[in-house]
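Here's the structure we're looking at; comments come further down.
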Amino acid sequence: MSFNHININQLTNLEANYYLGVNARACAQRMKIGKDKVYRYYKLFMQGLTVQEIYNQYLINKSRCGKKPIVLSKEKLNDINNKLENDWSLDAIAGRDKIDGKDEKISTKTLYKLAKQGVIDINKLRRKGKNNPKGHNEIRCKINTCKTIHGIDEKYPNAKTSIEYGHFEGDTIVGKARKLAIVTLVEKYSKYIVLLKASRKSDDVKEAICKWLSSLHNSCISTITFDIGKEFSKWSDIEKDSSVNIEIYFGDSGSPGQRCLNENSNGIVRKDLPKSTDLSVYSQEELNMIAYKWNSIPKKSLNYKTPNEVIKEATEFESLLPVA
C-alpha cells in the first residue's frame, strides 16, 4: 500500500474546511485523502496550532525517518584499508569479522556502498582479469594422449564437488615475452595455492613438480588435473618418478571451466605477477611468500577460514609449500 506525504497546500485546505465546519468524513471525501489523517489534523487545529507550525513539526519528524548514514570508527577504517592493501576482498573482511565476533561489524553490501561513496579507496579493491574475446581460438600445442577429467569423475566422484581433500588443479602462468613460466597448483577442498618456479619446457615442469611432491606425505595429495598444454607432456613420468602415489588427469581442450578454481587462483596471483613481469627475478622463496599471503586470506567458501587453517585441519601439516 502506497503512502503520500502531506504537503503545505493540503494542510491549508484542511484548515479552511475545519473552520468552515466541514466534518472530517466529508472533508476526506472532498480532498480524496484518508479520513484518519483528516481527524488527526483536525485535532491539531482544535489545539490552536497553525498550518506552519504543523508543517514544521512534520518536517522534523520526516528527517528522523529512514536509515541513518553509517559512520565507521577511525580504527575500523584503518583496519579495512590495511586488509585491502594485503589483498583481502571486502567479502572476506565482512565474513571474518562475524566469525571473530568483532564488536564493530559491517556487511559486504555496505562495504561496497562505502567504496562507491569514496569512504573506502576503490582503487585498493581486487582487479579481475579479462575474458578471452569472442571468436578467440586457442593456438597452443596440446597433449594427444592422456587421461581426461572424465576418468577422475568416475574414480573419484567426490573430487568434483570439492568435499574430499587431496585433489589439485594445475596450470602455468607465463611472464614477460612468454619466456618463463610458473606452475600454479590449487587444492580444491582447502583452496590452498602452491607456486613452483619452472620454465615452459616440459622437462623443467616435470622436475619442479617431482621435487615438490618429494616433500609431501602420501596423505597430502591424490590427484592433479592439469591444463592440456604441452608443458605437461611428461605427465606419465611424473606419475612414475613421484615419491607419492599420484594420478594425473587433464581437462578437455578449450574448457577452462572444468578447472575453474585454478583459473580463478591464476587471476588472483596475477595481481602480484602480472604478464609484463620478468619471472626470472623471482626465487622460490619469494613465490612461497606470495602463495602464503593468498593462503592467509579468509574465503567465503571456507566459512571465512583461511586455506592455511583448513590445510592444517585436513593434513595436520603447517604448510604444503616447497622447500626454497
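Miscellaneous remarks
- Both radii were evaluated on the Cα set of the chain; the Rg over Rh quotient, with Rh as the Kirkwood radius, amounts to 1.29.
- Pairs over the 23 Å Cα-Cα cut-off, from the set K67/K124; K76/K113; K230/K275; K76/K299; K230/K312; K37/K68: K67/K124; K230/K312; K37/K68.
- In plain terms, the chain from K116 to N81 could stretch by 11.1 nm, reckoned as 0.36 nm per residue minus the Cα-Cα distance.
- Distance between the 7 Å Cα→Cβ label points at T161 and K35: 6.2 nm.
- The sum of -39500 (n - 2.57) across all DSSP H runs of n ≥ 4, divided by the residue count of the chain, sets its helix-only mean residue ellipticity at 222 nm to -12500 deg cm²/dmol.
- In degrees, nearest ten, helix 90-99 long axis to first principal axis of the chain (Cα): 80
- Between I80, I106, I54, the GNM of the chain built on Cα springs shorter than 10 angstrom shows I54 fluctuating the most.
- Full-stretch length increase - K230, Q52 - with 0.36 nm per residue and alpha-carbon distance subtracted: 55.9 nm
- The packing ranking, built from the mean of other Cβ atoms within 10 Å per residue, places the peptides 63-76, 162-175, 184-197, 220-233 in the order 184-197, 220-233, 162-175, 63-76, highest first.
- Loop-resident chymotrypsin sites (Phe, Trp or Tyr not before Pro) (DSSP state other than H, G, I, E or B) in region 1-33 with no more than 15 further Cβ atoms inside 10 Å of their Cβ: F3.
- Reachable aspartates and glutamates from K155, criterion Cα separation under 14 angstrom, eight or more residues apart if same chain: E164, E247
- Average projected area [Cα convex hull, region 67-130], square nanometres: 4.9
- Largest GNM mean-square fluctuation among N81, N123, N61, using the chain with Cα springs under 10 Å: N61.
- Taking all Cα pairs closer than 8 Å and separated by 6 or more residues, the relative contact order of the chain comes to 16 percent.
Coordinate-derived values only; no laboratory data. All figures in this text were calculated on a predicted structure; none of them were measured in a lab. Here Cβ is always computed from backbone atoms with ideal geometry, including for glycine, and neighbour counts include all displayed protein chains.
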